[in-house]
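Engineer: Take a look at the following structure, please.
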Amino acid sequence: MDITDFTEEELQKALDLKLAERAKKQQRIEEEKARVQETVAQAASARISIKLEAVEALLAECVAIAEEGRVSFHFSPAYGMGGTYTPHPKEGEPGWDSSGCSYSDNGDYGWVSSSSNC
């Protein structure tokens, strides 16, 4: 059988069918690609969450050490995103008043954003 044995209508129908099959295949490929990308993003988000939990735990340890040692420290993960931790005054230290409340001239105890330090 030769191509000339088919009518133009039959050839067009066969072409349309092939194009539809190709479009369906392309759609399945795109759907699978989206699923893979979503899975990769979910895995990355989970890994980031674990790391952030570790950072939060380490910062809590730093705060405890700063309170115990009566020292301040600065943490800056990126430009403009940092802060300084200053321990709350204990009884008898500057910044402590007889009512048992701590205060400072500017009220900057605990975490203070880097922009507040400008």
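Computed from the coordinates by the stated procedures, all read-outs in this text should not be read as laboratory data. None of these values were measured; they are calculated from a predicted model. No Cβ is skipped: glycine too gets one built from the backbone with ideal geometry, and neighbour counts run over all protein chains shown.
Engineer: Taking every eigenvalue of the Cα gyration tensor of the stretch 7-69, multiplying by 5 and rooting it, what semi-axes result, largest first, whole Å?
Structural biologist: On the way: eigenvalues 729, 6, 3 Å².
Taking √(5λ) for each Cα gyration eigenvalue gives 60, 6, 4 Å.
Engineer: What list do you get for LEU59, LEU19 if you sort them by fewest beta carbons within 10 Å? Don't jump to the answer; show the numbers that get you there.
Structural biologist: Numbers: LEU59 15, LEU19 10.
Listed from fewest to most nearby Cβ atoms, that is LEU19, LEU59.
Engineer: Given (1) 20.6; (2) 18.9; (3) 14.5 as candidate values of Kirkwood radius over Cα pairs in Å, which corresponds to the one derived from the coordinates?
Structural biologist: It is the value labelled (1).
Engineer: Eight or more residues apart or on different chains, and alpha-carbon atoms under 19 Å: count the Lys pairs in the chain matching that.
Structural biologist: Lysine pairs meeting both conditions in the chain amount to 4.
Engineer: Is there a quick way to get the dipole size of the chain? I mean about its Cα centre, with the Cβ of Lys and Arg at +1 and of Asp and Glu at -1; what is the value in debye to the nearest 20? Display every interim value, and only then the final one.
Structural biologist: Values: 12 positive and 21 negative charges, 43 e Å.
In debye, rounded to 20, the chain gives about 200.
Engineer: Ranked by Cβ crowding within 10 angstrom, fewest neighbours first, how are HIS74, HIS88 ordered?
Structural biologist: Numbers: HIS74 11, HIS88 14.
Going from sparsest to densest Cβ surroundings: HIS74, HIS88.
Engineer: Roughly what would the spin-label model give for LEU11 and PHE73, points 7 Å off Cα along C-beta, in nm?
Structural biologist: Rounded to a tenth, the inter-label distance reads 7.9 nm.
Engineer: What is the angle, in °, between the Cα long axis of helix 8-69 and the longest principal axis of the Cα atoms in the chain? Nearest 10 is fine, range 0 to 90.
Structural biologist: Roughly 10 degrees between the two axes.
Engineer: While we're on this one: 222 nm [θ] for the chain, helices only, -39500 (n - 2.57) per DSSP H run of 4+, per residue, to 500? Let's see the in-between values first.
Structural biologist: Details: 1 runs with 62 residues, N = 118.
My calculation for the chain gives -20000 deg cm²/dmol from helical runs alone.
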